[in-house]
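Below you'll find the structure, written out as structure tokens, and then a few comments.
The values are calculated or read from the model by the stated rules, or taken from the named source; none is laboratory data. Just so you know, these numbers come straight off a predicted model, no measurement behind them. So basically every Cβ, Gly included, is an ideal-geometry build from the backbone, and we count neighbours across all protein chains shown. Surface accessibility is based on the protein's heavy atoms, side chains included, excluding ligands, DNA and RNA. Shrake-Rupley method; radii C 1.70, N 1.55, O 1.52, S 1.80 Å.
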Amino acid sequence: MAPEEGIVISVQGEWGSGKTSAIELTQRRVVILELARERGISLEGAEKQPWSSTKTEWDALASIRRTHIIRFNPWNFSGQENLVRAFFKEVGATIGHPADGAISRAINKMTEHLPSGATLVGGLIGALAGGGAGAGAALGRAAGEGAQRLLGSSETLESAKRELGSALREADKRIIVIIDDLDRLLPSEMRAMFALVKSLGDLPNVLYVLSFDERVVSKALEGGPEPIEPAFLEKIVQVPLQLPPPWQPEVRQLFFQRLNSIIGDATPNDESRWRRVYIDSISSYFQTPRDVARFSNTMQVMWPNVVGDVDLTDLVVLVTLQLFEPKIYQRVFESIEFLAGDSISFEDDKIVAARFEPNDANNQKAAKTALAHLFPRLAKAWNTHVWDGTVRLRKREQRRICTKEYYRNYFLFGRDPDRLSRERIEAALGDQNPHERLLEFVSQLGDSPSRRGAPKVATLLDQIIELVYSKPILSDAVVRALLDLSDELISRKDTVWELFPIDNFERLDSIFHAGLEPLSQDERVQRVNLIAAYDSALTTCTRVIERIAAQHGLFGQEPSFESDRQIPLEDAKRAAGKITERIRKVAKSGRLMATPDPVSLIWAWRRLANPSEVKAWLAKTVKNKDALVRLADFLPDTSYQSSGDGQKTVRYFKAENYKDILDVEDMKSRLKALASKTHATEEVKATYRKFLAAEESGKGRQR
């Protein structure tokens, strides 16, 4: 287009609807078309050339080509006067060639006659548009005294405008002036720009492209002490183009393109869950390309720092809430320890969930569904149609935000520094010598506690539980490595108090139990046989084999469902038999009392064999002074109690529980005699006093 009297086109649409992108694509198309014409080549040939080369060639022809494009960004300048002066400066820099030519002289003359202060809006319209009645006059009145101060130089400005028009017509230059994001300006600056376009809109061979949200602009013009009717825009814009709304399939495609480019080869832990979450909640928030751009900008900053340490689905949901539901996100941020399960509440679930109703959300239905997908306790209380059958250990392995072990990763913008990376642990388990690698980890973590108070070694074992549960990596080498470390780990205890105390003994048992799950049945039998016959780590081996036997209801236990039994019955019986013989052998050699937890072995022996042989061994054992003291130290149980004064342990002993395997009175008599001797050590005396206190504490307890 080459309008002789100029023309003003507007590209209108809501914020984020893609106005800037549409204009950018159009500008590129114009450059390709005009460059093909300037060079006398086919359009097809010009289209094949890389854009970087096209842009370089276009810039090189700036002084001689016919078409010029001016991108004026008014929001880079503040104040009406700065806007107008900056506009003329931009025009002069783009089309004022040569510097002493007619176009350049006319632009300089107009700039020189602009006032040095005051409001320019009304003056420009009065001076450059003839100062007549109608919309121009109305806008002039809105500017107040600024118009009057400019009247003195109106003749000079008008003549400079005519001079510029003649120069443009004679030069046969085609000018496209693009003014983007007019709706970002302050109302006074917005008026200044429209006044400028109004006054210069009839310059020959000049085409203006204005970009704005019509609702925002109309509201700004209607405000202020001198309201201007929105119809004023019709006097300025000859061709209003309403940008079509983005098609949702295209927005969806753009969303996944951007997301995939950020996450690379990563995939959701649970693809079925991801599809439900996207359809139920996430998709509702992405209506425009700008919505996608905002999300991808945030996601590309966060993802590299948390990859592998968060659940992808949960992160996408959380980032979506952060951008589009800031109030809901803040509520999650402030209550995350409660939502993730670190806090115990005795309130009714529905009362608790009522506090998290997203009544102030921009999209209540989508926000509520998002929260239900993130936090199962809310989903249950709200009775939403969100089903998540993922077991707790699997949620931990997936690093879900609802787990107390991993919710911090979503707010630390990286992995919890108290935890080793999953990659390091998995690499260690897959190493040819996993024992050496795991020993290195234990030594590195030492006795230092995490910020939550849990020992870091305990956290390492928890991470191994999650890892072996998710993948079939409990190899023979890993089994041997864990068993070789087990006695040391049990001695460390590393007890963490939650609903009930958990120590390393429990964690090691859980590692083997969880690690057998992903294996084939033949592999399970092989690992169980290895554990049953291993020549050390008897305490851990016994616990694991007893659990396997209990699944079949052996030795007085309640049988598990058939689907929960990890190996066949006959294999379980053989493994139990091997463990029983190992216990007998260690007891006979006198090494049983030197194990990390002799009482657990005594009770396992009692369950796996005849109580009489255990009783005979104990009767003999208490005659040994060192064994007697150690037995008295280990026999009492430990109770963990919480109160307003904090947490404490209470030791107790119930003699009646041991009546079929131990003569408690004989043991007490021997211990008393040993502690009463004149040369008795303080350790022996203290053990005796503690044992009596534990027995007294156990009298009021149930069995």
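Brief remarks follow.
- Accessible-area composition of the range 648-703, carbon plus sulfur, in percent [1.4 Å probe]: 48
- For the residue pairs K585/K677; K19/K368; K404/K493; K173/K198, the alpha carbons lie more than 24 Å apart in K585/K677; K19/K368.
- On full extension, the segment bounded by E523 and T20 gains 175.0 nm, given 0.36 nm per residue less the C-alpha separation.
- Built amide H within the under 5 Å cut-off of S639, gap 5+: V650, R651, Y652
- In terms of its C-alpha gyration tensor, the range 520-559 comes out oblate, because a/c is 1.5 or above while a/b does not outweigh b/c.
- Gyration tensor verdict on the range 378-431 (Cα atoms; rounded if a/c is under 1.5, prolate if a/b is larger than b/c, oblate otherwise): oblate
- For the range 249-308, size of Cβ-based charge dipole, Lys and Arg +1, Asp and Glu -1, in debye: 140
- Carbon and sulfur %, accessible surface of the range 213-284 computed with the full protein complex present, 1.4 Å: 53
- Loop-located trypsin sites (Lys or Arg not before Pro) in the range 405-499 whose Cβ has at most 13 other Cβ within 10 Å (DSSP): R451, R452
- Surface accessible to a 1.4 Å probe, per residue, for the residues of the chain, Å²: 49
- Rounded to the nearest 5, the antiparallel percentage of DSSP beta bridges internal to the chain is 30%.
- Rounded to the nearest 20, the Cβ-based charge dipole of the range 542-584 about its Cα centre (Lys and Arg +1, Asp and Glu -1) stands at 300 debye.
- Farthest toward positive dipole pole in the range 519-606 [+1 Lys/Arg, -1 Asp/Glu at C-beta], among A549, V599, N529: V599
- The range 561-627 versus the range 650-703: alpha-carbon centroid distance in Å: 23
- Overall form of the range 298-416 per C-alpha gyration tensor (a/c, 1.5; a/b vs b/c): oblate
- Once C-alpha pairs closer than 8 Å and six or more residues apart are averaged by separation and normalised to the residue number of the chain, the relative contact order reads 9 percent.
- Per-residue surface analysis assigns M593 an accessible area of about 10 Å², computed on protein heavy atoms at 1.4 Å probe radius.
- Heavy-atom surface analysis with a 1.4 Å probe gives the range 291-424 a carbon and sulfur content of 51 percent of its accessible area.
- For the pair the range 529-560 and the range 431-477, the centres of their Cα atoms are 23 angstrom apart.
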